[in-house]
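A.B. asks: The structure that follows is given in the form of structure tokens.
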Amino acid sequence: MPDVYPTIVQVINVIKCYLTRFICGLFRPVALKASRVNSKSERSWVSSLTNKRILLGVTGSIAAYKSAELVRRLSDAGATVQVVMTDAAQAFVTPFTLQTLSGRAVHTALMDAEAEATMGHIEQARWADLIVVAPASANFIAKLAAGRSDDLLSALCLASQAPLAVAPAMNQQMWLNEATQANVASLASRGVKLFGPAAGEQACGEVGPGRMLEPAQIVEMSAALFETGQLAGRRVLITAGPTQEDIDPVRYLSNRSSGKMGFALAAAAVEAGAQVTLISGPVALPTPERVTRIDVRSAEDMLAAVQSNLDGQEIVIAAAAVADYRPLQVATQKIKKQAGSAQLSLEQTPDILEAIAADKGGLFVVGFAAETEHLEENARLKLEKKSLDMIAANRVGSAQGGFDNDENALKVLWPTGGAALPMQPKEKLARALIEMIAERFDAKNPTKNS
Ligand code: PMT
């Protein structure tokens, strides 16, 4: 009998394993769909998390231990992660662990004077590009469905316009309960994304649906949310940054454009599925992933680069701050300091946008307008004078928005209407503008879309 005993145990284990796999198979669709979608082009999807601000909500579930890995994987994918924990979550994992991994103080309380002083909860709600609640307990899902806001995380979910995703984690009976299913259906009908749950063996020993998806799957599904497909297959040319117009071998005329707005547009267009060529003046920014970048210096160089890359493009977005004037003559030697004042004669540079729009054919042309006064009137004049399909007007020269700021606001105009995009980080603003461009492009080209 002692010799036979281990064999019996092994056989029982094998049967248990097959039984578990069989039962999991019954609940497979959700998990399988996620992993199938994810394996498609894992690398490129994950890269769309670069520079994204993810607010990770952690609620009370044994799966909270997986949040540590989730924070690390999101950070590895280039996202900035702000963790917010409920009281119940702190019984499973400490704020200190998640703070160490995210590099940011974890927020836990709604009425926390110290946290409010650094970043108020409304500010946190605005900060996020995406809120992911993982694990999301049955109780927290019920709170969300009811629209309650009696703790920091539920208040943030209610106060934010960012997309919200929940990764449920609970006992299988709790998940299958009609109340939970009704809550989940209600959240789905409001556009909340559901990540899982997976099915399998649970911490309580039961088997069934309710397991939180693995961190890698949550990361990939989060990344996929930024890949909108609104410009799938479209070819987009974007200009960005300043131009430099030489005065002599060591001096030039330029402006304060950092290139941030144009580069954010390039990244957003790629996320929307476009093939992007970015023609940039001198800036100190890394090239967004999957973007073809061409560096230029002067307005003349930029015009030449635009013209030789225009063939086959469908959309042009001119976010570059092209110098309007350049020195009439470029001195071949450094100009010597002389007594008294100096004169510099200037001539106009070629207007790149006007040249493109004059012969645009089916091209959809979007210009920018940088104005210090009469924003809308001046922008509409430029829209009409340059025969543009759309113009994005921004106020420049003030402390907020415009040149070399991380944030900006736009008044977007097209021949038959317009819309305002409020002050926000340039990455977010770019995504909103790309969405508008895609809509107007589709309205202008109904057959291309059918
Ligand atoms: O780069 P950042 O620091 O992020 O700042 C962003 C920005 C303020 C530079 C950007 O949002 C912006 O407003 N870009 C356009 C700046 C500008 O040159 O505006 P404008 O109103 O002077 O020109 C109108 C349009 O004509 C622009 O699309 C411009 O690219 C284009 N233009 C202008 C002159 C010229 N010679 N050729 C052009 O193509």
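A.B. asks: Mind telling me which of the residues Gln217, Gln244, Gln202 ends up being more than 29 Å from Ile356 (Cα to Cα), modelled with pLDDT of 95 or more and either in contact with a helix residue (DSSP H, G or I) (Cβ under 9 Å, 6 or more places away or on another chain) or within 16 Å of the ligand (Cβ to nearest atom) (or both)?
C.D. replies: So the residue among Gln217, Gln244, Gln202 that is more than 29 Å from Ile356 (Cα to Cα), modelled with pLDDT of 95 or more and either in contact with a helix residue (DSSP H, G or I) (Cβ under 9 Å, 6 or more places away or on another chain) or within 16 Å of the ligand (Cβ to nearest atom) (or both) is Gln217.
A.B. asks: Are there any strands (runs of 3 or more DSSP E) wholly within segment 322-371 with 3 or more residues that are under 33 Å from the mean Cα position of the chain (by Cα) and either of a type outside the set (D, E, K, R) or near the ligand (Cβ under 8 Å from one of its atoms) (or both), and if so which?
C.D. replies: Output list reads 364-371.
The rows are residues; the columns are (1) more than 8 Å from the ligand (Cβ to nearest atom); (2) crowded, with 21+ Cβ neighbours inside 10 Å; (3) within 16 Å of the chain's Cα centre (by Cα).
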{"site": "Met390", "(1), (2), (3)": "yes, yes, no"}
{"site": "Arg395", "(1), (2), (3)": "yes, no, no"}
{"site": "Gln400", "(1), (2), (3)": "yes, no, no"}
{"site": "Asp404", "(1), (2), (3)": "no, no, no"}
{"site": "Ala409", "(1), (2), (3)": "yes, no, no"}
{"site": "Gly417", "(1), (2), (3)": "yes, no, no"}
{"site": "Ala430", "(1), (2), (3)": "yes, yes, yes"}
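A.B. asks: Count, please, the residues in segment 327-354 that happen to be closer than 30 Å to Asp389 by Cα and surrounded by 13 or more Cβ atoms within 10 Å (Cβ to Cβ).
C.D. replies: The number of residues fulfilling the criteria is 6.
A.B. asks: Within segment 247-273, work out how many residues are away from the ligand (no atom under 13 Å from the Cβ) and either within 15 Å of Ser298 (Cα to Cα) or hydroxyl-bearing (Ser, Thr, Tyr) (or both).
C.D. replies: 6
A.B. asks: Here is a further query. In the list Val283, Val291, Val276, Val306, which residue meets the criterion of being free of Cβ contacts under 8 Å to residues at least 60 places away in the same chain and within 9 Å of the ligand (Cβ to nearest atom)?
C.D. replies: Val283
A.B. asks: Could you pull out the residue among Leu265, Leu237, Leu231 that is part of a loop (DSSP other than H, G, I, E, B) and among the aliphatic types (A, V, I, L, M)?
C.D. replies: Leu231
A.B. asks: With β-branched (Val, Ile, Thr), more than 28 Å from Asn445 (Cα to Cα) and more than 28 Å from the chain's Cα centre (by Cα) as the only criterion, which of Val207, Val219, Val192 stands out?
C.D. replies: Val207
A.B. asks: Taking segment 135-171 on its own, how many of its residues are within 14 Å of Ala64 (Cα to Cα) and within 24 Å of the chain's Cα centre (by Cα)?
C.D. replies: Count: 5.
The values are calculated or read from the model by the stated rules, or taken from the named source; none is laboratory data. Predicted model only: the values in this text are computed from it and were never measured. All Cβ positions, even for glycine, are placed from backbone atoms using ideal geometry, and neighbour counts span all protein chains on display.
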